[in-house]
Amino acid sequence: MNPQAPSLATATSLFERQRYFDAVMLSRDVFNAAAGRPCPDEIQWLRLSIECRLALQLPEQTEALFIRLASLLQAQRKGADATDAVADCYRQALAACPDNANLHLHAGVYYFWEKQLPLAEQCYLETLRLEPENYIAHNNLGNLRKEQGDIDAAFEAYQQALQINPQYAEAHSNLGNWYKDRKRFAEAETHYLKALALRPDFVEGRNNYGVFLQDTERHEESLPHFEHAMAIDPQYTPAYLNLGGTMMNLRRHADAERLYRRALALRPDYSEASFNLGLCLLMQGRMEEGWECFEVRANPDRKVRMSFAPRYPFPRWQGEPLQGKTLLLWPEQGIGDQIMCARYLLEIKAASGAERIVIVCHPALHSLFTRLRGFVPGVDVVAGEKDSIPWCDYWTFIMSVPWHLQKLGAVVPPHTPYLTAQDEQRRLLRPLLESLNAGQPVLKVGLAWKGSTLHARDHLRSPGLAPFTRLLEVQGIRFFNLIPNTREEFSAWAGDAGVDLGHELDQFSGRFEETAALIKELDVVIGCDTSLVHLTGALGTPAWLVLEFAGEWRWVYRATEDGNDVEQHWYPGQRLFRQNRRGDWADVFERVAQALQQEMANAGSR
């Protein structure tokens, strides 16, 4: 029998007889007696209910009791029940004390974290009506304006908070975030350091400054700030997550994994930690758990997502038998990701028993993917996101296909090629390419020297043309530009070593069609982490990939901590050249140049 049951029964009886003060005192005794060991949920909830009633019976204590009650309810975090209870708590409190600025402020904080922004705004504005000099309300209003996308109003609110109280560390830290987002790094750092000088044990401030140091590639400097935040508050999960990110950038994958798992132990529903753990495991080639964790990528709780479910009336596939059924594969993330996973269409059809496969893809891939129907019997429809499609029984993300295959126990060979180029496009290119073969042997090399600037890490992954200059020193190489709409820039860089097609790439064909034909006629493609390197691998042309220091799980199947021992899984035959020092492309291209010289020597001996 639960030894706390008699006291609980007595407290319940007192509560029912409206002896609220006696009931709350007894419930506190029961709760305090449970310190250090699990306390039954019924005691927790009784205590909260009693305090709520007590607050209404004692108006002079309403503010303190309701704020404490709301804090306890939020700490419980018991889903919809807790949300309703806290909201009801604040409604009753504000009805009892409509002119209490502090209650409005606390209610605003609650509504903000529950993403009920109109209610939060109403509470903050009411706080400022009652107390115009409430700098906490000004700061919180700044956070709300930022969430609403009104960046200028956010800045003004933070500034107003600091005009009232120049020593308010939270506003300094928030201004640091504001300047960081505008890439005004010197001003950002000034405010971060001011916040920490005012409050050395400011957990969020430590974390914010650590993230700033990460974002400005000062990873080693970020370590002590995340560690300090964890020491101040061992339950503060963002510090574990962000320190894990630093460890990933330092290629300390075992340490990153430990931190992500610790964050999940503290907060099992922490989708960002699950996602990052998935990336960490995939980077190490631990696919089974890695794919499972990676499935959280579309969780709406994540701050940044690139995977969004389609709005179709049929359900998401959870592994149900598909005999006689039609499965739709929905696009997500980048063009390269869609190319990478298109290889698995034949396997998923065979393993699942699906009668038909419908694949929806990025418009740029439509023409290329249409030819998949000859490679995969049963791929009956290739469509764009805005095209009409036939009725399907289930849908799944295209990057979930490897996970489903894994659950089905399918053996998935990384076979290539699985995409083809148009014969007509290849025929049109051949006269120009054959003219290069007269005289000395020529190595035809395509360059994919930059990716999309929309990519969050493009400044790290894309070397630009300048580091490729070392390759111009290798004799016997003719270079082809694979980046559309950069003909003049590339020609000026390559000079006589460059081959000019006479027009912009893909100008007279569908997107990627002339590109694919050219890649099939080349000896090798050298590029950074872009969709063009995925396309090269899918077409079966050798590719040499230049990678930033931290690397990328899509290219590394297995890696040692020093990054020297790597195995390419997705496109057999590719070669990886990864930075040994962060930001040092010179060493990478020195190794690539030496490899090209060896290729020329091999060609001359044939």
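Summary table below
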{"item": "Label-to-label distance, nm, for residues given as A350 and L223 (7 Å Cα→Cβ offset)", "result": "4.8"}
{"item": "Dipole magnitude of region 300-371 about its Cα centre (Cβ charges: Lys, Arg +1; Asp, Glu -1), debye to nearest 20", "result": "140"}
{"item": "Solvent-accessible area, 1.4 Å probe, carbon plus sulfur percent, for region 429-544", "result": "50"}
{"item": "Relative contact order (percent, whole number), region 376-529, Cα cutoff 8 Å, 6+ residue spacing", "result": "28"}
{"item": "For region 383-519: rounded, prolate or oblate by the Cα gyration tensor [a/c cutoff 1.5]", "result": "prolate"}
{"item": "Estimated distance in nm for a label pair at A603 and D584, the labels positioned 7 Å out from Cα along Cα-to-Cβ", "result": "3.0"}
{"item": "Region 384-414 and region 191-209: distance between their alpha carbon centers, rounded to Å", "result": "46"}
{"item": "Accessible surface, region 261-353, averaged per residue in Å² (probe 1.4 Å)", "result": "43"}
{"item": "Pairwise centroid distance, computed over Cα atoms, of region 144-183 with region 532-550, Å", "result": "43"}
{"item": "Computed Kirkwood radius, in angstrom, where 1/r is averaged over Cα pairs of region 404-463", "result": "16.6"}
{"item": "L198-Q406 pseudo-label distance in nm [points 7 Å out on the Cα-to-Cβ vector]", "result": "4.6"}
{"item": "Carbon + sulfur, % of accessible area of region 242-288 - ligands and nucleic acids excluded, 1.4 Å", "result": "48"}
{"item": "Carbon plus sulfur fraction of accessible area for region 299-339, probe 1.4 Å, in percent", "result": "52"}
{"item": "Shape call, region 153-228: gyration tensor on alpha carbons, a/c limit 1.5", "result": "oblate"}
{"item": "Dipole of region 260-385 [Lys/Arg +1, Asp/Glu -1 at C-beta], most positive-end residue of V304, V358, G384", "result": "V304"}
{"item": "Rounded accessible area per residue of region 364-472, 1.4 Å, Å²", "result": "48"}
{"item": "Anisotropy class of region 209-262 from Cα gyration tensor, a/c 1.5 cut", "result": "oblate"}
{"item": "Signed unit charges on C-beta, dipole axis of region 152-264, positive-most listed residue G245, A153, V211", "result": "G245"}
{"item": "Total charge dipole magnitude, region 482-523, about the Cα centre, Cβ charges on Lys, Arg, Asp, Glu only, Debye to nearest 20", "result": "120"}
{"item": "Förster-model FRET efficiency, 41 Å R0, T469 and E424, C-beta, rounded to 0.05", "result": "0.70"}
{"item": "Förster radius 30 Å - calculated FRET efficiency between D458 and N437, Cβ distance, rounded to 0.05", "result": "0.25"}
{"item": "Test item: Cα-centred dipole of region 140-280, Lys/Arg +1 and Asp/Glu -1 on Cβ, debye", "result": "220"}
{"item": "Percent RCO, i.e. relative contact order, over region 258-320, from Cα pairs under 8 Å lying at least 6 residues apart", "result": "23"}
{"item": "I477 accessible area, 1.4 Å probe, all protein chains in place, Å² to nearest 10", "result": "10"}
{"item": "Relative packing of 138-150, 164-176, 450-462, 589-601, which averages over residues the other C-beta atoms within 10 Å, highest first", "result": "164-176, 138-150, 589-601, 450-462"}
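The values are calculated or read from the model by the stated rules, or taken from the named source; none is laboratory data. Because the structure is predicted, anything quoted here is derived from the model rather than measured. Please note: Cβ atoms are built from the backbone with ideal geometry, for glycine as well, and neighbour counts cover all protein chains shown. Note: accessible area is taken over every heavy atom of the protein model, side chains too, but ligands, DNA and RNA are not part of it. Shrake-Rupley method; radii C 1.70, N 1.55, O 1.52, S 1.80 Å.
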